[in-house]
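The values are calculated or read from the model by the stated rules, or taken from the named source; none is laboratory data. Being a predicted model, the structure only gives us computed values, none of them experimental. Positions of Cβ are backbone-derived with ideal geometry, glycine not excepted, and every protein chain shown enters the neighbour counts. What goes into the accessible areas is simple: the full protein's heavy atoms, side chains included, and nothing from ligands, DNA or RNA. Shrake-Rupley method; radii C 1.70, N 1.55, O 1.52, S 1.80 Å.
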Amino acid sequence: MREDICTIPINELFEPKKGCPICRMVDMLEGRLAEYITGAAMMEPDVRIETNRLGFCERHFAQIHDVGSRLSIALILESHLKEVEERAFAEEAAPKRKLFGSHGGGEEEHGTCFICENLERNRDHLVEILLNLWTKEEEFRRLFGEQEYFCLPHAKLLIRAAAARLPKKTAAPFCEEVRRLSLSYLQTVESDVTHFCRMFDYRNKDGDWGNSKDAIERAIAYLTGRLYTPAANGEEKA
Ligand SMILES: [Zn+2]
Ligand SMILES: [Zn+2]
């Protein structure tokens, strides 16, 4: 796979100081991988071997379906289906690799995904660069501390990565910073959701919604690490 596909300057992700910068990183990686795989890379033999073997999860099938041309998706599917047929139904030839009736499950039961796999690997690599920056550059540490928040899954990811890769003395203040940013946003969202609920009390009929109108979407985004786009009719749907 081409190296530059997943090169993202960390500072650029942190500059907006809005939302979770790791969510932004994952979105960018996902978008680039989906475009890459439905673009010229689709015809590269080594990439095709991988997509034939791994396939895609439901989310990423939907994504490549959105960004790719119908012909490119069909070509990816054509050779992937062939491989699925060989692996899942060739019971006589390779009983250990068959999909049906195998005991113990393993990866095949949960499915595999070309984008998920590359996404994770590149995300972990970028997180490693991030930890390095935080350790060495005071300016980046300041920028890091100015983030609006880290969503729950990415706060956990950062804390896990720091524990695994940084010396204890450095990991402690890093984790404390991640915790502070994640917890304070959780408390904000929590009180906005409560405010939202209260607005449905008849006594608050003419009250001020404050920041609570998109509290549901922000809470879901915080909990899942996925931007959640509000439905067009938003809060009307009581
Ligand atoms: Zn996030
Ligand atoms: Zn996937």
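Each residue of segment 205-213 is assigned a 3J(HN,Hα), and the resulting list reads 3, 9, x, 8, 5, x, 8, 8, 4 Hz, derived from the Karplus form 6.51 cos²θ - 1.76 cosθ + 1.60 (θ = phi - 60°), x at Gly and Pro.
Taking every alpha-carbon pair under 8 Å whose residues sit at least 6 apart, the chain reaches a relative contact order of 20 percent. Select from Ser72, Ile22, Val47 the residue farthest towards the positive end of the dipole of segment 4-79; place +1 on Cβ of Lys and Arg, -1 on Cβ of Asp and Glu, and compute about the Cα centre. With unit charges placed on the Cβ atoms, the residue in question is Ile22. Taking a label point 7 Å from the Cα of Asp214 along the Cα→Cβ vector, which residues of segment 111-148 have an amide N closer than 17 Å to it? Counting backbone N atoms under 17 Å from the label point, the list is 148. A Gaussian network model of the chain, with springs between Cα atoms under 10 Å, assigns the largest mean-square fluctuation among Ala171, Ala162, Ala62 to Ala62. Largest GNM mean-square fluctuation across Ala161, Ala215, Ala40, computed for the chain with C-alpha springs under 10 Å, falls on Ala40.
Close lysine pairs were tallied over the chain: pairs 8 or more places apart or on different chains with Cα atoms under 26 Å apart number 16.
Hydrodynamic estimate: the Kirkwood radius of segment 149-230 over Cα pairs, inserted into Stokes-Einstein at 20 °C and 1.002 mPa s, corresponds to D of 151 µm²/s. Surface exposure of the chain, expressed per residue as accessible area with a 1.4 Å probe, stands at 62 Å². Of Gly111, Gly225, Gly210, the residue with the greatest mean-square motion in the GNM of the chain, using alpha carbon springs below 10 Å, is Gly210. The heavy atoms of Asp206 present about 130 square angstrom of accessible area, all protein chains included, probe 1.4 Å.
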